[in-house]
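Single-structure report; data block below.
The values are calculated or read from the model by the stated rules, or taken from the named source; none is laboratory data. Given the structure is predicted, the values throughout are model-derived calculations rather than measurements. Neighbour counts are summed over all protein chains in view; Cβ atoms, including those assigned to glycine, are modelled from backbone coordinates with ideal geometry. Ligands, DNA and RNA are stripped out before the accessible areas are found, and what is left, the full protein with its side chains, is counted by its heavy atoms. Shrake-Rupley method; radii C 1.70, N 1.55, O 1.52, S 1.80 Å.
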Amino acid sequence: MRRSILMAAFLCTAGVSSASAQSLLDPHPLAGVVDELRFGLHAYNVHGAMLPFLVNEWQITEVRSLSFDVLFVSPDIDAFRWIGSPRPEIGTTINLGGKENLLHAGLTWQLPIFDTPIYLEGTFGAAIHDGALTGAAAPTKNFGCRVNFYERFGIGANLSDNVTATVTYEHTSNNNYCEANDGLSNFGVRLGWKF
């Protein structure tokens with residue numbers, strides 16, 4: 001009798017575990033939480049300014065930075081709907097040439113261009129870096145603050161239901177709130193996979 005109860009309990013547990021595993025993997029394990037994963041390749045420090053308009057002054061010489069971003073589903077709450085339903089995001093930009101690396105978090109807004117696959121995008125948040133605050137010799141940056149503002153502007157396209165490509169200009173600086181304020185701007189392409 002005891003053996004039968006244990007066997008029945010085991011079979012029920014196995015069935016529940018199997019159903020749970022299937023529900024986690026079907027259709028996507030991150031659906032409902034993560035909206036998009038992005039990987040990118042970027043030119044390091046193309047300009048010091050926050051806005052990307054002075055293209056004639058850009059210096060695209062070091063294409064050595066990689067990025068990884070996680071964009072979450074916009075929370076279904078009034079506060080987020082009121083500000084345009086941005087997606088919370090976290091990410092990192094890693095420089096393979098031994099220069100400064102960023103870890104950032106923020107909110108990303110996306111605006112479709114009419115009834116086309118093309119969109120405009122903007123992100124605002126904060127970034128922490130591993131560079132110098134002050135006293136570093138050029139070309140090393142003096143960021144002034146350990147945590148700075150983070151902005152990203154982009155134009156992209158939905159290449160399919162699941163794949164995106166976004167040309168981005170990301171910038172971090174402190175708006176002269178600290179002793180030094182060397183801005184850092186990276187320019188590149190981020191490829192995304194939407195869930």
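Key figures
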| item | result |
| --- | --- |
| Accessible surface, the chain, averaged per residue in Å² (probe 1.4 Å) | 58 |
| Sites matching GluC sites (Glu not before Pro) across the range 93-195 that sit in DSSP coil, with at most 14 neighbouring C-beta atoms within 10 Å | Glu179 |
| Among 64-70, 112-118, the order from most to least packed when residues are scored by Cβ within 10 Å on average | 64-70, 112-118 |
| nm² value of the averaged projected area, convex hull over the Cα atoms of the chain | 16.6 |
| Gap separating the Cα centres of the range 90-128 and the range 38-84, nearest whole Å | 3 |
| Tilt relative to the chain, helix 2-25 - C-alpha long axis, 0 to 90 degrees, to 10 | 30 |
| Where chymotrypsin sites (Phe, Trp or Tyr not before Pro) fall in DSSP loop in the range 139-177, at most 13 other Cβ within 10 Å | Tyr177 |
| 222 nm mean residue ellipticity, helices alone, for the chain (DSSP H n ≥ 4; -39,500 (n - 2.57); rounded to 500) | -5000 deg cm²/dmol |
| Estimated dipole of the chain in Debye, rounded to 20 [Cβ of Lys and Arg +1, of Asp and Glu -1, Cα centre] | 680 |
| Using a Förster distance of 25 Å, the FRET efficiency for Ala157-Phe68 (Cβ separation, nearest 0.05) | 0.80 |
| Of the trypsin sites (Lys or Arg not before Pro) in the range 96-195, those whose Cβ has at most 15 other Cβ within 10 Å and which sit in DSSP loop | Arg146 |
